Amino acid sequence: MKKYSKALAGIGCWIIFTIFLVGTHNNASWIRRLDQWGYRLLQPTTVTRTRLFTIITHLGDPRLLLFLSLLICIGYGWHHQLIRGIQFISLQFIGYALVIAIKYSIQRPRPNHKLIPANGFSFPSGHTFATTVFVLAVVALLWPRLSRHWQQVIALVVAGCWIILVMASRVYLRNHFTSDVLAGLCLASGWWLLATTAWQMLLNDHREIAS
């Protein structure tokens, strides 16, 4: 039953993402209001905040997270768990390929007056997607080792703060609109939920055949 709940939650996330996608494609008024609200929420712009958010945004760089995912995959292989390692890194590589495909399909320009350079299209946020998938995968990796309730709470709080800070940094630095990062969060959450559910079902089927 748990796997079906995850799948339904993943579908729900992708339905919300689709609403953002359609709203962005049609330049809906509610998208514009949301983008303006998020921008105002993170004001004012100061030198100290810009430096801090620049550091945070680099921690969410998809290239860095892909590299870290590769290291974790190698670690899995070292401990004779290559299948789990492939699962971990495929979440990032295949997922980010999905992001790139959507970016080039929508081709939404980035905001004006960026505080740091950013190339490519804006929707959805690749930093948000990569960070969300990576954080969820790491939490899932650590979860069986978190035997105490307070450890689980701390893990969830740290994970949530990490994702939110990266999202905020992208909007503050004017590399993304608010709708970009929210859409990236929904797309990534849905991808992780559906991909891990499908992977687990494949492993269960393989075990049944092998037995």
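The values are calculated or read from the model by the stated rules, or taken from the named source; none is laboratory data. Everything numeric in this text was worked out from a predicted model, so none of it was measured. Every residue, glycine among them, receives a Cβ derived from its backbone with ideal geometry; neighbour counts consider all protein chains shown. These area figures cover heavy atoms from the full protein model, side chains too; ligands, DNA and RNA do not enter into them. Shrake-Rupley method; radii C 1.70, N 1.55, O 1.52, S 1.80 Å.
What share of Cα pairs, in percent, lie more than 16 angstrom apart in the range 94-211? The share of Cα pairs beyond 16 Å in the range 94-211 comes to 65 percent.
Per residue, the convex hull spanned by the alpha carbons of the range 1-120 comes to 160 Å³. Report note on the peptides 174-182, 81-89: ranked by the mean count of other C-beta atoms within 10 Å, highest first, their order is 174-182, 81-89.
Surface listing: Lys6, Lys114, Lys103 arranged by accessible area from highest to lowest gives Lys114, Lys6, Lys103, probe 1.4 Å. Say we join alpha carbon atoms closer than 10 Å with springs in a Gaussian network model of the chain; which of Val166, Val158, Val47 then has the biggest fluctuation? Result for the chain, Cα springs under 10 Å: Val47 fluctuates most. Percent of Cα pairs in the chain per distance bin of 5 Å, from zero to the largest separation: 1, 7, 14, 18, 19, 16, 11, 7, 4, 2, 1, 0, 0.
Normalised per residue, the accessible area of the range 87-211 is 49 Å², obtained with a 1.4 Å probe and no contribution from ligands, DNA or RNA.
The relative contact order of the chain, computed from alpha carbon pairs under 8 Å that lie at least 6 residues apart in sequence, is 35 percent.
For the chain, set up a GNM with springs between Cα atoms under 10 Å and report which of Cys161, Cys186, Cys13 has the largest fluctuation. Highest fluctuation of the listed residues: Cys161.
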